[in-house]
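The values are calculated or read from the model by the stated rules, or taken from the named source; none is laboratory data. Please read these numbers as outputs of a predicted model, since none were measured by experiment. Here the Cβ is made from the backbone with ideal geometry for all residues, glycine too, and neighbour counts use every protein chain on show. Heavy atoms of the whole protein, side chains included, go into the accessibility calculation; ligands, DNA and RNA do not. Shrake-Rupley method; radii C 1.70, N 1.55, O 1.52, S 1.80 Å.
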Amino acid sequence: MPNNLSYEEIISLQRKTNIVDIIRDYVPLTQKGKNYFGVCPFHDDHNPSMSVSSDKQIYKCFVCGNSGNVFNFVMEYEKVSFMEAVKIVADKVGVDLNINIVKNKNIQNKNNRLYDIYDIACKFYQNNLNTAYGKVAKKYLSDRKITDEVIKEFNIGLSLSDTELYNILKSKGFDDNEIVESAVGVKNGNHVYDLYKNRIMFPLSNLDGDVVGFSGRIYDNSSESKYINTKETKIFKKGELLYNYVSAKTYARKEKQIIVVEGFMDVIRLSTIGIRNVVATMGTAVTKNQASLIEKLAPNIILMFDGDEAGNKATKSYIDNFSYDQDNIKIVRLEDNLDPDEYILKYGKEKMEYHLTHPINMYEYKISDFKKNMDFNDSKKVSQYINLVIPEIEKIDDDIIRDLEINKLSKLTNVDKSIIVSKIKFKDTNDVKMNKKEIKMTKYEKASKFIIYSMIHSNEAIINYFNNLSYLPDDKDRMLANDIVLFYKKFNGFNINDFITYISDKKDLINLIIEIDELDVKNSNDSLDDYFDTIREYQYTNQIMKLTNELKNETNIIKRKEIAQKIVELKMKESK
């Protein structure tokens with residue numbers, strides 16, 4: 001792997017790159033003022049806490065503190081080296097840097113052979129569908145309006161009767177243990193057989209697009225289980241994946257919306273009517289990992305789980321457990337207990353499109369759910385209903401909408417509006433403040449940070465620091481200040497984004513410089529010289545303390561006088 005790219009070549013690439021465009025490929029961003037904000041991918045974030053500055057070309061999460069420039073983001077997100085991140089960025093912006101870096105995803109990976117097994121199996125199943133053995137399965141798919149184009153797009157295949165896949169894998173050099181471990185084969189006595197027999201095969205991929213599992217569906221009206229899914233393996237963790245993630249990502253970012261369904265057939269059916277920004281959870285219970293993936297795909301989410309009670313429970317579970325933003329989630333509940341696949345086949349494209357363009361918000365969904373089986377002639381039930389609705393009304397920020405909902409509740413329950421209002425805890429809109437971390441600092445810490453802040457924004461301050469101080473009490477602050485001086489001397493100037501690339505291997509200093517750059521200096525009346533004096537005071541105080549301890553332990557009278565004289569001189573300097 002050539003690492004001989006010059007710093008100048010990397011900086012040239014950096015200046016041709018817009019960090020907003022690169023990060024937007026990974027995380028949806030919304031512009032607020034000068035900066036862009038998105039959900040931070042580096043911690044369990046549900047409320048956008050990552051800021052991206054197009055002016056400074058840096059990003060920062062205000063919760064976990066992760067920060068840096070475009071190369072740091074790609075390094076962190078892709079889990080790659082600095083040079084690999086440079087290569088990825090270069091490819092994205094169309095710059096040929098002549099770096100031959102092979103993705104290390106499977107190199108020296110103990111699971112490499114499992115990926116190979118699934119790749120062979122997927123191709124084998126696809127081929128089967130196009131042979132004479134696949135005629136009945138093909139007709140089944142055609143009757144369900146799954147065309148050849150859809151079959152090709154989703155790599156749909158067909159498993160055969162007994163040990164055909166097993167025999168192929170054996171001929172390719174895989175042993176019985178590997179085949180059983182991969183879960184495409186199952187051991188019975190001394191023999192290994194194909195797990196999937198006479199089923200239409202739907203491959204399941206990981207977040208990189210590699211096939212890691214299958215779901216096999218019967219098509220011949222046999223009495224066997226409708227679906228058989230791959231059990232969890234080293235490379236297949238169902239709760240960490242979303243069906244159609246790789247394909248949906250592009251469409252979701254374009255549409256700024258992701259639609260979440262339960263089953264892969266729902267995804268496939270929606271694609272046949274041109275709706276492609278869809279992922280499936282492959283079950284009703286959404287996991288924390290899946291919710292995190294969903295919320296990073298697009299700023300707006302539509303939950304369209306199955307229309308039955310299980311789908312309703314899944315909807316409530318997502319809202320209760322994973323949703324922090326009331327406004328970005330909408331819900332579609334399909335009538336007749338149908339799932340999206342069944343609904344489109346029964347009612348067609350237009351009715352599905354109507355639902356998706358007229359979803360209800362979380363408040364409407366919850367109120368509708370509260371009303372189920374409600375007896376408004378029972379005073380206790382009415383009281384319970386009002387107590388359920390009030391917390392939802394309290395979440396409404398718009399005064400007009402809140403008042404309208406209170407009026408509706410009063411009219412529906414025949415309870416006087418004033419009584420309902422008396423139970424509501426209203427937010428004090430005049431007392432709403434931004435939640436910013438208050439960082440308490442000693443006067444010495446404050447002086448150090450503000451000296452570095454000045455150096456970030458002024459070449460003169462860098463020269464002044466080097467000529468007149470060249471010392472800070474904190475080790476990290478001192479290392480950062482020294483690196484800034486070295487950078488200035490080497491390149492005859494300072495730019496924070498270029499500097500971050502220069503110290504790309506020092507993540508702690510990158511986080512520190514961005515944290516310092518975010519400091520609020522508007523209310524500071526102290527000058528740079530004042531801060532220098534504060535640091536000198538620290539130096540004198542520190543030296544006096546050391547000499548005082550020496551004096552206590554020194555028994556030689558002459559040496560005691562020398563130490564005492566030094567202490568007097570330092571105190572005189574300190575008092576100036």
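Table: residues versus (1) touching a strand residue (DSSP E or B) at 6+ places or on another chain (Cβ under 6 Å); (2) part of a helix (DSSP H, G or I); (3) touching a residue at least 40 places away in the same chain (Cβ under 8 Å); (4) closer than 25 Å to Glu232 by Cα.
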residue	(1), (2), (3), (4)
Asp91	no, yes, no, no
Leu114	no, yes, yes, yes
Ile146	no, no, yes, no
Glu178	no, yes, yes, yes
Those residues of region 361-385 that are assigned to a loop (DSSP other than H, G, I, E, B) and surrounded by fewer than 12 Cβ atoms within 10 Å (Cβ to Cβ) come to a total of 5
A careful count of residues in region 24-60 that are in contact with a Pro (Cβ under 9 Å, 6 or more places away or on another chain) and among the hydrophobic types (A, V, I, L, M, F, W, C) gives 6
Restricting attention to region 301-311, does a residue exist that is buried (at least 22 other Cβ atoms within 10 Å of the Cβ), acidic (Asp, Glu) and closer than 22 Å to Gly38 by Cα?
no
Of all residues making up region 157-173, the number that are surrounded by 21 or more Cβ atoms within 10 Å (Cβ to Cβ) and either of a type in the set (A, V, I, L, M, F, W, C) or without any contact (Cβ under 8 Å) to a residue 12 or more places away in the chain (or both):
3
Enumerate the pairs (first residue in region 238-251 and open to solvent by 60 Å² or more (accessible area, probe 1.4 Å); second residue anywhere and part of a helix (DSSP H, G or I) and not hydroxyl-bearing (Ser, Thr, Tyr)) with beta-carbon separation below 8 Å, excluding pairs fewer than 6 apart on the same chain, so at least 6 apart or on different chains.
Glu240/Asn289; Glu240/Gln290
Considering each residue of region 313-360, count those that are within 24 Å of Ile401 (Cβ to Cβ), among the polar types (S, T, N, Q) and either at pLDDT 95 or above or open to solvent by 80 Å² or more (accessible area, probe 1.4 Å) (or both), and give that number.
1
Please specify each residue of region 457-511 satisfying the condition of being over 29 Å from the mean Cα position of the chain (by Cα), open to solvent by less than 30 Å² (accessible area, probe 1.4 Å) and of a type in the set (Ser, Thr, Tyr).
Tyr465
Those residues of region 146-178 which are closer than 24 Å to Tyr219 by Cα and among the basic types (Lys, Arg) amount to Lys152
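For region 472-502, what are the residues that are among the charged types (D, E, K, R) and farther than 14 Å from Met455 by Cβ?
Selection gives Asp474, Asp475, Lys476, Lys490, Asp498.
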Among the residues of region 249-262, is any under 23 Å from Leu158 (Cβ atoms) and within 25 Å of the chain's Cα centre (by Cα)?
no
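The rows are residues; the columns are (1) of a type in the set (Lys, Arg); (2) modelled with pLDDT under 85; (3) closer than 23 Å to Met75 by Cα.
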| residue | (1), (2), (3) |
| --- | --- |
| Ile463 | no, no, no |
| Pro473 | no, no, no |
| Asn497 | no, no, yes |
| Phe532 | no, no, no |
| Met545 | no, yes, no |
Is it the case, given these coordinates, that Lys79 is within 23 Å of the chain's Cα centre (by Cα) and either surrounded by fewer than 17 Cβ atoms within 10 Å (Cβ to Cβ) or modelled with pLDDT under 85 (or both)?
yes
One residue is enough: does region 263-284 have a residue meeting the conditions surrounded by fewer than 20 Cβ atoms within 10 Å (Cβ to Cβ), more than 28 Å from Ser142 (Cα to Cα) and either among the hydrophobic types (A, V, I, L, M, F, W, C) or free of Cβ contacts under 8 Å to residues at least 60 places away in the same chain (or both)?
no
Evaluation of Ile419 against (1) buried (at least 17 other Cβ atoms within 10 Å of the Cβ); (2) modelled with pLDDT of 90 or more; (3) among the hydrophobic types (A, V, I, L, M, F, W, C) (one fails), failing number
(1)
Given the structure, is Ser222 open to solvent by 30 Å² or more (accessible area, probe 1.4 Å), more than 25 Å from Gly263 (Cα to Cα) and assigned to a loop (DSSP other than H, G, I, E, B)?
no
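Take Leu204 and tell me if it is surrounded by 13 or more Cβ atoms within 10 Å (Cβ to Cβ) and outside any strand (DSSP E or B).
Answer is no for this residue.
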Out of all the residues in region 225-265, which are part of a strand (DSSP E or B) and β-branched (Val, Ile, Thr)?
Ile228, Ile258, Ile259, Val260, Val261
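Residue by residue, here is whether (1) of a type in the set (D, E, K, R); (2) modelled with pLDDT under 95; (3) open to solvent by less than 50 Å² (accessible area, probe 1.4 Å) holds:
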site: Gly65; (1), (2), (3): no, yes, yes
site: Met83; (1), (2), (3): no, yes, yes
site: Asp96; (1), (2), (3): yes, yes, no
site: Asn106; (1), (2), (3): no, yes, yes
site: Tyr118; (1), (2), (3): no, no, yes
site: Gln126; (1), (2), (3): no, no, no
Within region 372-381, is there a residue that is at pLDDT 90 or above and under 34 Å from the mean Cα position of the chain (by Cα)?
no
